[in-house]
Amino acid sequence: MFLLSRYRVLVYLLAVLCAAAAFPQSPPAISVPPRPDLPKDATSYIRDIIKNEIDSDAKDHTLWRYRFHREDEKNNYDRDVVETREGQLARTLLIAGKPLTQDERRKDEERMQKLVNSEEERAKRTKREKEDTDKAVQMLKAIPDAFVFKYAGEEAGLIRLSFFPNPHYDAPTRELQVFKSLSGSMWVDPAARHLSKIQGQLFEDVTFGWGFLARLNKGGTFSVVQKNVGDGHWDVTELDVNMTGHAILFKNIVARQREIKTDYHRVADDLTITQAYQLLEKNDAGTLQGGSHSVANSRTQSQIAAKKK
């Protein structure tokens, strides 16, 4: 996911933390905590929230099944996704809103079988996912240093904060340089101590390699929504990216990406990829119906009960 996708990684991994609102071009004149139980310094508050995000994710080993919709310049599909201890497996349900043709279904089956039957393929994917995860953690940790946060009120029980670049921040990597050109707003769930939404924009062009390698144009936007989908498991349920620019040799970049996850159902925490394939074959978990999560089997129910004790 680089050059054309470099900014996608930056924005998406920034997103895996986050919140939505307006785009302040300058900090508000005053920053007063909307509630007396909040720290006076908004940036310190976000530092604590980010730490909780990272710690919670490290401790959460639950696995889920959900419906995934994605649209970008090349794709438009819906998938039935099952997470496993060996990575996720997904069956394509719709392409451009239509059922798959016989040939499309055959290719989709081959794709799934390749993952199920090939340890090498799963190892390659695991390696990529680890690299992305490491980048995500790096970017999460950098946020309190890269931005200055100001309290901006309270809405529907969420704490709203505006953010803008910290002029004293020296980005240690090329990926983190994009933070110097981002501003926006966040919402935090104060009870759960999780980021809930974020929406931001590039208020100036972002260049890589003095503009010869890549440039992202001023005005590009992104928004992300994160929710508790059940049993205290927080996940990014909506992602919307709209950016333009150019890559090497001035190849145009038109990046529009939208992702939506719905209909979460918890599955067994030790589910294997072979078992996930069987679930997708049966497609009988009552699955992907309605908007609330449901537990997939009695074993998972006992796991949840044990956690509550």
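If you go through the range 108-158 and keep only what is of a type in the set (S, T, N, Q) and either assigned to a helix (DSSP H, G or I) or at positive phi (or both), you end up with Gln113, Asn117, Thr126, Thr133, Gln138. Taking the conditions (1) closer than 25 Å to Gln275 by Cβ; (2) within 25 Å of the chain's Cα centre (by Cα); (3) exposed (fewer than 12 other Cβ atoms within 10 Å of the Cβ) in turn, Arg106 satisfies each one other than (2).
Can you tell me which residue in the range 159-175 is modelled with the lowest pLDDT, limited to those that are in a loop (DSSP other than H, G, I, E, B) and out of contact with any strand residue (DSSP E or B) (no Cβ under 9 Å at 6 or more places or on another chain)?
Going residue by residue through the range 159-175, those that are in a loop (DSSP other than H, G, I, E, B) are 166-174.
Filter once more, keeping what is out of contact with any strand residue (DSSP E or B) (no Cβ under 9 Å at 6 or more places or on another chain): 168, 170-173.
Details: His168: 91, Asp170: 88, Ala171: 84, Pro172: 83, Thr173: 78.
The extreme case among them is Thr173.
Looking across the range 34-75, the residues that are within 24 Å of Arg105 (Cβ to Cβ), modelled with pLDDT of 95 or more and not charged (D, E, K, R) come down to Tyr66, Phe68, His69. For the range 108-134, a residue qualifies if it is among the basic types (Lys, Arg) and within 23 Å of Val267 (Cα to Cα), and the qualifying residues are Arg111, Lys114, Arg122, Arg125, Lys130.
Selection of the range 13-33 for residues being modelled with pLDDT of 50 or more and surrounded by 15 or more Cβ atoms within 10 Å (Cβ to Cβ) yields Ser31, Pro33. For the criterion of being closer than 23 Å to Pro172 by Cα, crowded, with 18+ Cβ neighbours inside 10 Å and at pLDDT 75 or above, Gln226 fails. If I filter the range 88-107 for residues that are closer than 26 Å to Val267 by Cα, polar (S, T, N, Q) and not in a strand (DSSP E or B), do I get at least one hit? The answer is yes; a qualifying residue exists.
Taking the criterion of being assigned to a helix (DSSP H, G or I), hydrophobic (A, V, I, L, M, F, W, C) and either modelled with pLDDT of 75 or more or under 17 Å from the mean Cα position of the chain (by Cα) (or both), the residues of the range 176-223 that qualify are Leu176, Phe179. List pairs: first residue in the range 224-236 and farther than 18 Å from Ala58 by Cβ and among the charged types (D, E, K, R), second residue modelled with pLDDT of 95 or more and assigned to a loop (DSSP other than H, G, I, E, B) anywhere in the structure, Cβ distance under 6 angstrom, at least six positions apart or on different chains. From the range 224-236, no pairs qualify.
Conditions (1) among the acidic types (Asp, Glu); (2) without any contact (Cβ under 8 Å) to a residue 40 or more places away in the chain, marked per residue:
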residue	(1), (2)
Arg47	no, no
Ser56	no, no
Lys59	no, yes
Leu63	no, no
Asp78	yes, yes
Ala96	no, yes
Leu100	no, yes
Glu119	yes, yes
Ala123	no, yes
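The values are calculated or read from the model by the stated rules, or taken from the named source; none is laboratory data. Predicted model only: the values in this text are computed from it and were never measured. Counting neighbours? That spans all protein chains shown, and the Cβs are built from the backbone with ideal geometry, glycine included.
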